[in-house]
Amino acid sequence: MLRAVTRQLPDVSGRSAAVLGAGPCGLAFCHVLRTHGAERIVAVDPVERSETATAFGADELVATTAAAWQAGLTPSSRPDLVVEAVGHQQATIADALRAVADRGFVFGFGAPDDADYAIPYLEIYLRDLTLASGRTIDDWPELLAAGARYLEAHRSDFASYVSHVVAPEDAQRAYDLYAVPQPGRLKVVIATQA
């Protein structure tokens, strides 16, 4: 998230943003966008997490699918930038492109499951949109150090980020918790007890 906001997205200061997906990654994006000056942040997720989303910096959580949310937008309500933090399917990238304001910026953060994605290219062309994505390739030590500094500076904000800690012998339970998005379930960690 830090790499995306500081190196890949345009300056977010004073801009409106939407984050598709209010799971752990989407919530962290909301937080980073807020601390970097985004004016208004809307999180979109079918799981009702309003209280958690606002705690992580969103002004509002719209508890619906990305498709339903974007279908209800008017030209004046479209955000300047949209972060797709769902992944593992193709629909939300298209929803993000349809939702963003003209001349807007879409960042695909969610992990792809398919090598090729069908995107609404005409939307990009006619509305002068920018679509970007990417992952950390070679500057891991620097980014991990920056992430550690960020978490240290915002430790209290992330106190509830890990919602479940599961012992290694209960790894299947951890996977079962992770696999079903639900209110109150954020990061699931497998760890030995100290």
Open item on the list: Among the residues of the stretch 12-21, are any in the same structural domain as GLY87 (by TED's automatic domain parsing), aliphatic (A, V, I, L, M) and out of contact with any helix residue (DSSP H, G or I) (no Cβ under 9 Å at 6 or more places or on another chain)?
Closed with: no
Task: Residues satisfying the stated conditions in the stretch 35-68, i.e. part of a helix (DSSP H, G or I) and crowded, with 20+ Cβ neighbours inside 10 Å - done: THR52, ALA53, ALA66
- [ ] Select the helices (runs of 4 or more DSSP H) contained entirely in the stretch 80-168, then report the ones holding at least 2 residues which are closer than 17 Å to TRP69 by Cβ.
- [x] 91-99
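The values are calculated or read from the model by the stated rules, or taken from the named source; none is laboratory data. Everything numeric here is computed off the predicted structure, so don't read it as measured data. No Cβ is skipped: glycine too gets one built from the backbone with ideal geometry, and neighbour counts run over all protein chains shown.
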